[in-house]
1. If packing is taken as the average count of other Cβ atoms within 10 Å, what order do 161-169, 89-97, 247-255 fall into, highest mean first?
2. Can you give the direction-averaged projected area of the convex hull of the alpha-carbon atoms in the range 55-279, in nm²?
3. Ordering Phe157, Phe128 by accessible area with a probe of 1.4 Å, largest first, what comes out?
4. Which order, highest average first, do 191-200, 57-66 follow once you tally other Cβ atoms within 10 Å for each residue and take the mean per peptide?
5. Counting only protein chains, not ligands or nucleic acids, how are Glu170, Glu148, Glu141 ordered by accessible area (probe 1.4 Å), most first?
Amino acid sequence: MNWLTNVVRPKIRNMLRRETPENLWIKCPDSGQLVFYKDVEANQFVIPGSNYHMRMGAVARLKSIFDNETWFDVALPEVTPDPLKFRDEKKYADRIKDARARTNLNDAVKVGYGKLEGAAVVVAVQDFDFMGGSLGMAAGEAIVRGMELAVEKKSPFIVFAASGGARMQEGILSLMQMPRTTVAVQMLREAKLPYIVVLTNPTTGGVTASYAMLGDVQIAEPGALIGFAGARVIEQTIREKLPEGFQRAEYLKEHGMVDMVVHRHELRPTLARLCRLLTKAPAQEGASKPAQPVTSPAQIVSAAETAPAAPHA
């Protein structure tokens, strides 16, 4: 009896047991509905029913932007991995190793160079899954290197921001990346190259206080949380109740902090139109041109919102 109970039954159970992936289903944070992961992935990580925009990894984001999902990874400068030998509950060096193993990224920012509807662009993406997309020395170097490459190639620079702010484990060295990236933005301005920022959920802290709010055109994804300090901190400071939807993309557009709120499915053609308008490049065959010359930032945004997308090659 022991042999049947202890040996045969477990073997039968193991034969019948099916391995189920942990992320087979996703629960929508907005509506609470359960959605099949593959359906969400195929829909660019937008929940089909509620249109809630989930966070998107760096590789998936680059695939969604570049033609034929093809680009060149930009080599980034090496930095000291743990300059302050920081430790809290865990060594900072160990946190970096864990984040790299989990995300297959070297740090929070990945930079690619490729074609967007036939035009060369440099794209930098912050991945929130890597330590909250925090801005450290490596991330700062990646942003600066991406802007330098844009100047070398004379191409637009697009950044997808997603961050909780500066990386506290690097202290003042992290905060120094704010002025460094700001100076790099000025380098783009002097070269008269377009700098487009796409604010995703969430973009906060030192990233918002530096390069994430310095774009020639500021785009936000629907429902994205964008701000410097948290809403609770602000309420405690000013001792007033904040308006509903404060720091969300739609509220910020109404109050002039961002230029456009664009659904993820429309993001690629919108970015392509903006790059053509800002570089005065000819539209692809079959794409209509603006009815009037585009001269002001407001006209550029209006033209990018209304002009139809160019056909894919």
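The values are calculated or read from the model by the stated rules, or taken from the named source; none is laboratory data. Keep in mind the model is a prediction, meaning the values are calculated, not measured. Every residue, glycine among them, receives a Cβ derived from its backbone with ideal geometry; neighbour counts consider all protein chains shown. For the accessible areas, the whole protein counts, side chains as well, though only heavy atoms, and no ligand, DNA or RNA atoms are used. Shrake-Rupley method; radii C 1.70, N 1.55, O 1.52, S 1.80 Å.
1. Top of the packing list down: 161-169, 247-255, 89-97.
2. About 12.5 nm², averaged over all directions.
3. Phe128, Phe157
4. Per-residue Cβ counts within 10 Å, averaged per peptide and sorted highest first, yield 191-200, 57-66.
5. Final ranking, largest accessible area leading: Glu148, Glu141, Glu170.
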